[in-house]
1. Where a Cα-Cα gap under 26 Å defines reach, which lysines qualify for A:Lys322, not counting those fewer than 8 residues away within the same chain?
2. Quick one: which of A:275-287, B:49-61, B:108-120 comes out on top by average Cβ neighbours within 10 Å, and what's the full order, highest first?
3. Take a quick pass over chain B and tell me how many lysine pairs come in under 23 angstrom between Cα atoms, counting only ones 8 or more apart or on separate chains.
4. Evaluate peptide B:281-288: per residue, the Cβ atoms of other protein chains within 10 Å of its Cβ; return the mean as an integer.
5. Over the whole of A:265-274, what's the average partner chain Cβ count within 10 Å per residue? Rounded to a whole number, please.
6. Which shape class applies to region B:4-103: rounded if a/c is under 1.5, otherwise prolate when a/b exceeds b/c and oblate if not, where a ≥ b ≥ c are the square roots of the Cα gyration tensor eigenvalues?
7. Mind checking which helices in chain A clear 27 Å along their axis (Cα) and have mean Kyte-Doolittle hydropathy of -0.5 or more, DSSP H runs only?
8. For peptide B:158-169, what's the mean number of Cβ atoms from other chains within 10 Å of each residue's Cβ?
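Where a number appears in this text, it was derived from the coordinates with a stated rule and is not lab data. Bear in mind the structure is a predicted one, so any value in this text is a computation, not a measurement. No Cβ is skipped: glycine too gets one built from the backbone with ideal geometry, and neighbour counts run over all protein chains shown.
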Amino acid sequence: MTDENSENKMNITRRHMLAGMASIPALAMMGGALKASDYPTAAVNTSGLAVTDDTVTVGILHSITGTMAISETGSVQAEKLAIEQINASGGVLGRQIEYIQEDGGSDWPTFAEKAKKLLVQDKVASVMGCWTSASRKAVLPVFEQYNGMLYYPTFYEGLEQSPNVIYTGQEATQQIIAGIDWVSETKDAKSFFLLGSDYIWPRTSNKIARKHIEKLGHKVVGEEYYPLGHTQFNSVINKIKLRKPDVIYAIVVGGSNVAFYKQLKAAGIDMTKESPLLLTISVTEDEILGIGGENIDGAYACMKYFQSLDNPNNMEFVKAFKERWGDEIVIGDVTQAAYLGPWLWKMAVEKAGSFDVDKVREASPGLEFNKAPEGYVRIHENHHLWSKTRVGLAKPDGQYELVYETADLVEPDPFPEGYQ
Amino acid sequence: MNITRLFDRSEWLGFAAIAAILLILFPSVIDIFRLNLVGKYLTYAFVAVGLVLCWGHGGILSLGQGIFFGLGGYCMAMFLKLEASTPENTSIQSTPGIPDFMDWNQLTELPWWWEPFNSLAFTIVAIIVVPSILAFIIGQAMFQRRVGGVYFAIITQAIAAILTILIVGQQGYTGGINGITDLRTLLGWDIRTDSAKYILYFVNVILLLGVVMIAQFVKVSKFGRLLVAMRDKEDRVRFSGYNVSDFKVFIFCLAAAFSAIGGAMFTLQVGFMSPSFVGIVPSIEMVIFAAVGGRLSLFGAVIGALLVNFAKTTFSETFPELWLFAMGGLFIAVVMAFPNGLAGIYSTYVKPLIARILPNEQKAANAAQATKVPTKALAE
Amino acid sequence: MIGDYTYVEFSSILAMQGFAGLSLFSVFVLMALGLAIIFGQMGVINMAHGEFMILGAYVTYFCSLFFQEYLPSLFGIYFFIAMILAFFVSGALGVVVEWLMIRHLYKRPLDTLLATWGLSLILQQFYRSVFGAREVGVTLPDWLLGSISLTDIIDVPINGLFVMAITLTITLGVAFIMYKSTWGKQIRAVVQNRTMAGAVGINTKMVDRMTYGLGCGIAGVAGSAFTMIGSTGPTAGQLYIVDTFLVVVFGGAASLLGTIASAFTISQAQSTMEFFMSGSTAKVLTLLTVVGILMLRPQGLFTLKIRR
């Protein structure tokens, strides 16, 4: 991306943003209920979806059993909350949303199987679901074959752009480039140690990170991968100590995360001293619950949403979420992205005046959502979201404190030229 | 051996019943969506049939059948992926003509060991041969040194773990944790359409029936009797002048080949292959299918694979949060109360009943009773 | 200069890497000891071993909550109480499981493997239903956090030292029980010749039950100790299972000394290789080497000569 280009994009962004804000007053989003009688079922549903005069059925497809249940619980809660809120505010085209929830069981063929059931048997109008890339890759041919619409919440490696998926999380470049720019500008970081769990997302992300670091003229002093579920990180911590990087760039996931941060702290690396500084893109507030706030105090995370964001939308969202699911709960990046799914779908349907997937797809690019807890977002032609990237500092209470956010929305670029 | 002597009369009935259910009943009453699921379950039955031979009859418990299932599936997936990755389909890639995941991992040409998978003939041979060779190496090394029982189980388990880590780690060559996805056509024939799924289902069932016949042939041959003898008193067989380890290697390879066929059919029917079918968990689940059906019964294996998977799907649809309880309970119940599985229940309770109703079945039932292995013999 | 590093750096790293190897070693011993006792004594394959460990971890978690809430002044020592509780809770569950399940399966060792796998599924779902699907963070007392700085580069993690101390204590305790106490003599007698042991008046059934309980109890303590370095969640137990089995099998099933020797070999090999190559590669190579050696020497490193 050249400077000229990005300047151009920013202008467009700002203009669109202002226009968006002016045209849709925030309250109208919640309050302006449409009447079902104005939209006869035969007209809004020409493709045989599960739509009646008063209801429309959607699917929720996540793992609630198996190893991924830990991560996907929050997404299910967010999606249900969004659906309930939409129903309370009058539904979609005057119809109440009903959902059918299916369990992917942390097993990819099960995801494909259940996706097919939702689309073929239940004729759902859209599906909110999937978490891991592997599950998305497994259901993708099903959605393309039966022409369904999937709202996928997780930040992921990119390299994909399906007409049947709206990606409500960030793709890798959105998350990575802004963070590395920030750390090299404000923290004067020159050398990086890249670390990740051994699978596609960390590897692709680190590849983008490495390219960008080298572009900035900085150095990568190490790049390491450990199998998923690995619990012993002493050796790599020693290597980090030896190579003395300015930044540890960590993309460790799952149970390994807990082990990594506990052992890092025990080995005498105090992240609050920022030498080395730790920057991660894989630890949300959800993960901190398991890691323990005191073990990750002082680390920086780069993503698009933190629970602590100080804006009216987010305050309202956090309050509603806690009322619905309990005070103890924390909300991470993916949970927020999952919350966007039902809203973006509702808006696309109402803009199209139809539940038909083809029309919803057509209506989606350019859709703007002001009430998003993360702030204003817009759907790009490539089905990803324009969104801001933020850096947060982990606090001992398990929350992030916002230290930086990009001035403008970052353009999603799932097939980044020069980063592959 | 004369084919009619392959099964005794009641076994012929059983075989015919299973064939009728799978080939006539299911396709006529179940819609294509569920039928495709049944087809998927039946691919596990290939593994279970192999396990009946090598575990039930041979006493060799492998916790690594997922390795062979996966290898077979990956061979098939490689062929299909290459076919899907024509230069036209992949023109947006920086190197058109190679699978998409290779392009993402900066591979600029097809690795040499992928090349042969452009040929369907080679692929079909590889599906059987590659897993068999691996099984041969593992078996040769372990059975020559008389490793058996629990040790063998744990080592095969470790190999499954190693293979999973390797596949996930070498994502440029294997597709990593996402596996090889988005498979479309077989020699230009779209495998995703409903009609293709019907055809694949029938191919699958016929292959499975074929595998059951082969297994039955092995079971009733002299070799099959030696196998049981080895399981119960290995030393005596050895002292009688037989080379025990060769027999074990053979039966292990045969089971591996069966699993691999299942894996290949799985890829064809499900449309992708991923490392999650190679690891420890699927491998153990496959043992459970055989255990539930009855570790000594080939038909039981087929029924076990169907029933357990059907239960899994149903439970996880109806009580998603409870299905692990049900599955765990099923494992324990089968092992503790019905070590011969459903087939054991059948031959203990149902068969005598049939025999009473149909007197000329009496002889067959008696014969079956006589050859039935007593529970005690299951002990090592 | 050695490579890119100065002599001081290099020797510090050698020391640190040695320490990393030692902590991995104590983790392996702790994981494997309980399994080695059960497997060695009864030939039972306890696939639910990981879940017994996680039970201990959950006990520790609830202890930490309890002490934070009601006895904050004693928070500094809660970990010891938690470990003792973990031992008894996991041990008690072990005794119950033995009574309900395992004792019916002694003659079918391969079947214990399947039945305990079923048990592990049930326990996992139980943890998930009761304690929630998310991982929980166990708060540690302050004195267990941080490290002792020896030089600029060398920091010795306190919790690493603590795990080593626990491992040493438990190993000595087990050695004492097995080789000095009456109970231990009974256990060994039963292993060597069950019929004769019964004939001379040893209650072999009771010995079995208690041994199984002991093995599970040690798993509980291990789980409790691992809250310091790993994660606590419904499926976290699965992370340990392959390593644990390999350590036990590699050591030669019936020998405690073998288990320790094998834990030492595997941990040193793994941590040395991890230093020279990426973690994934090191892991694959370690596992391959172990499997390779086991194929050549199936009886493991050490074996007991027993009459079968």
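1. Straight-distance partners of A:Lys322: A:Lys80, A:Lys304, A:Lys346, A:Lys371, A:Lys388, A:Lys395.
2. Numbers: A:275-287: 23.1, B:49-61: 27.3, B:108-120: 13.2.
Peptide ranking by packing, descending: B:49-61, A:275-287, B:108-120.
3. The result is 25.
4. Numbers: counts 7, 1, 0, 7, 1, 0, 4, 3.
Going residue by residue through B:281-288 and averaging, the value is 3.
5. Numbers: counts 6, 17, 10, 11, 2, 2, 0, 0, 0, 0.
So the per-residue partner count for this stretch is 5.
6. Values: a/c = 3.58, a/b = 1.79, b/c = 2.00.
It comes out oblate by the Cα gyration axes.
7. Details: long enough: A:3-23 (30 Å, -1.06); A:69-88 (29 Å, 0.06); A:333-352 (28 Å, 0.05).
Span-like helices in chain A: A:69-88, A:333-352.
8. Working: counts 11, 3, 1, 10, 9, 1, 3, 10, 6, 0, 9, 12.
Mean inter-chain Cβ contacts per residue within 10 Å come to 6.
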